[in-house]
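Beneath this line is the structure, given in structure tokens, with notes to follow.
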Amino acid sequence: MVENDGEYNLNEEQIEQIMDEHGEYLLRFIYVYVKDWSTAEDILQEVFVAYYLKSHQFESRSSLKTYLSKMAINRCHDHLRSWKNRRIVFSDAMTQWISSSKSTEKTYEHQVVRSDLIKNVMELPITYREAIILYCYQQLTMKEISELLACPENTIKTRLRRAKRLLKNNTDSSEWEGFQDEQI
């Protein structure tokens, strides 16, 4: 890092290295929240710009990956609360409703690409979705999720139990097989 008037700034090589190390993970992580690749890419860019500008504030109390993930979560929450996002979601729903004349092949392809379980996970409320994704797919511990989301471990456990219950009710038992025996 290069000192600049009492503040530390990353040089170009350092930020590129950080982007290479964490970019793909963060992009997938953000996509889980916003469900749109171009929006995820925009948010990822915002995260890296914000980190570049405020890198001197990083205190190394957690890993850089955790720090960047927390920045990404905050940006995702801001996006999901924004009027722009709500307008896009509404217009997408209207477009699907109006143009529901897909061919049988297109419908079948769509069903093959998206299994019921993934679809149901993505339709969970954000608090449950993030808990399931972080625990089951990102394989973080309860403690790591608790730190990342800044809430007690018991809250995470409750969210996971509720998410599991919702998924169990809305998913075919063959799709649900991997989660049935898992104790949270």
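Any read-out appearing in this document is the output of simple, stated calculations on the displayed coordinates, not a laboratory observation. These figures come from a predicted structure and were not determined experimentally. Neighbour counts are summed over all protein chains in view; Cβ atoms, including those assigned to glycine, are modelled from backbone coordinates with ideal geometry.
Per-peptide packing, taken as the mean over residues of other Cβ atoms within 10 Å, places 18-27, 38-47 in the sequence 38-47, 18-27 from highest down.
Using a simple spin-label model with pseudo-atoms 7 Å out from Cα toward Cβ, residue 155 and residue 53 lie 2.7 nm apart.
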